[in-house]
Structure formats: C-alpha cells, structure tokens
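Down below is the structure, laid out as structure tokens.
The values are calculated or read from the model by the stated rules, or taken from the named source; none is laboratory data. No experiment lies behind these values; they were computed from the predicted model shown. Neighbour counts run over all protein chains shown; Cβ positions are idealised from the backbone, glycine included.
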Amino acid sequence: MAFTDVQIASQALKLLGDNAITAFTDPGNGAKVMNEIYEQTVEAVLTEGYWRFAMKKATLVLNASPTPLNQYQYKYDLPADFLAMQTVRPIGTSWEIFEQEIYSDQDELDIDYLAKPDESTWPPYFVKLIVYRLAADGAIGVTDKSELNTIFERKYLEQVNIAMAADSKNRPATPLTTNPFLDAHLIGNGYSYYG
C-alpha cells in the first residue's frame, strides 16, 4: 500500500493516542508537532544507513564556474535531491564535497547516492520505521509523557534491525575473495597455504 507523508504522520499520532490529521496545517498540537519534525526526522533516518530503495545513480555535469581552489581541477554540482554519497566512479577517484558541489581531478564523474524518494514508493519496513521514529520524537510534544518516548524509541531501535535486514536483500552479497585471517594464520605458522 502506498502512503503519503500525512498518512505516515497520522499513524505516529494514533500510536500516541492522538487524532489522525488530514494535513500538516490542521488545527491541534499533533499536526503542529508533526509539521515541525517530519522532514528533519525522515532525512535523519535516511542518512543513518545506505537504504537500497533510496539509492540513485547520476552522471554529474561539470560546473562552469571558475576552477576550485587548492588541489582539485574540476567541480560538479550535486543532484538537487542528494542526501549522502555512496560511490564515486571511476573507483579510486580522489574527491571531496564542499557545500552542494563535489571537487575532483576527474573530468567525468558518475555517482551512486542516497536521495529522499517519494513516500508512495517506500517499502513497508521503512514506513513502519519512520512511524516509530516520529512517535518517539513527537511523544513529549504531543502527549507530555516521556515514557511514550522511551517505548517508541525502543520499538524504533528494534525496527532498525528488521528494516536493514529486509533492505539488504535488495543487493546481492559480495563474496570474500581472500581471507586475511586464514592467510595470516597459515603463513604465520611457517606453513604457506599458497605452496
């Protein structure tokens, strides 16, 4: 089932014993609190991990402004929906992010990055995670009950493990090609595994 931001916030409010909302501008303390914390909370949770459902690829466009200062020759604008970097290609490229630009010595860059996808595309495990995080963060503001914050903080931490395990299925495991521990043990005992 696809959800909207308001439906997700409403689920958190219902967990706190408050009424559902139809908009973040609805009257009442619940809507006000959710309006204040929603975007920041979602972006914080997204950037706590590399969620596969939120990954994008992009070929960056060279920025036409003057060459960057110091060690880099080129700069590129990051995508407008950029939240965090996962991979820069070519692999081994030296790069740094300054404000909303990435500096590098490569004249072409491709990136894999984390973005905020529309709520309607979120998998159920992530919706549940955000609902618990919103309930934990909004508990005191909505109910004045710190024990609810503790309860939903615990539920959130449990759901993080479930969500990350579910999300990890969206990418095949990378097999180990070497085993440095076994290699060190075998070579360290005077026996060479390699002949």
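Before moving on, here are some points about what is shown:
- All conditions but one from (1) small (Gly, Ala, Ser); (2) exposed (fewer than 14 other Cβ atoms within 10 Å of the Cβ); (3) in contact with a strand residue (DSSP E or B) (Cβ under 6 Å, 6 or more places away or on another chain) apply to SER146; the one that does not is (3).
- Within the stretch 133-161, the set of residues being at pLDDT below 95 and either of a type in the set (Phe, Trp, Tyr) or part of a loop (DSSP other than H, G, I, E, B) (or both) comprises ASP144, LYS145.
- Close pairs (6 angstrom Cβ cut-off, 6 or more residues apart or separate chains): free of Cβ contacts under 8 Å to residues at least 40 places away in the same chain in the stretch 119-130, in a helix (DSSP H, G or I) anywhere: LYS128/GLN159
- ASN70 vs. criteria touching a Phe, Trp or Tyr at 6+ places or on another chain (Cβ under 9 Å) and on the phi > 0 side of the Ramachandran plot: yes
- On the stretch given as the stretch 64-98, residues that are closer than 20 Å to ALA44 by Cβ and assigned to a loop (DSSP other than H, G, I, E, B) total 4.
- Of the numbered criteria (1) farther than 13 Å from PHE126 by Cβ; (2) within 25 Å of the chain's Cα centre (by Cα); (3) loosely packed, with under 15 Cβ neighbours inside 10 Å, the one ASN29 fails is (2).
- Among the conditions (1) loosely packed, with under 15 Cβ neighbours inside 10 Å; (2) within 27 Å of ASP137 (Cα to Cα), the only one that GLY92 does not satisfy is (2).
- As for the stretch 9-17, it holds at least one residue that is under 28 Å from ALA163 (Cα atoms) and not in a helix (DSSP H, G or I).
- Scanning the stretch 116-132 for residues that are in a helix (DSSP H, G or I) and either aromatic (Phe, Trp, Tyr) or surrounded by fewer than 16 Cβ atoms within 10 Å (Cβ to Cβ) (or both) yields SER120, THR121, PRO124, TYR125, PHE126, TYR132.
- Contact annotation: residue pairs with Cβ atoms under 6 Å, 6 or more positions apart or on different chains, pairing a residue in the stretch 54-78 that is at pLDDT below 85 with a partner that is of a type in the set (Lys, Arg), are PRO68/LYS75.
- Applying the condition of being not in a loop (DSSP other than H, G, I, E, B) and not hydrophobic (A, V, I, L, M, F, W, C) to the stretch 47-63 and asking which residue is nearest to TYR103 (Cα to Cα) yields THR59.
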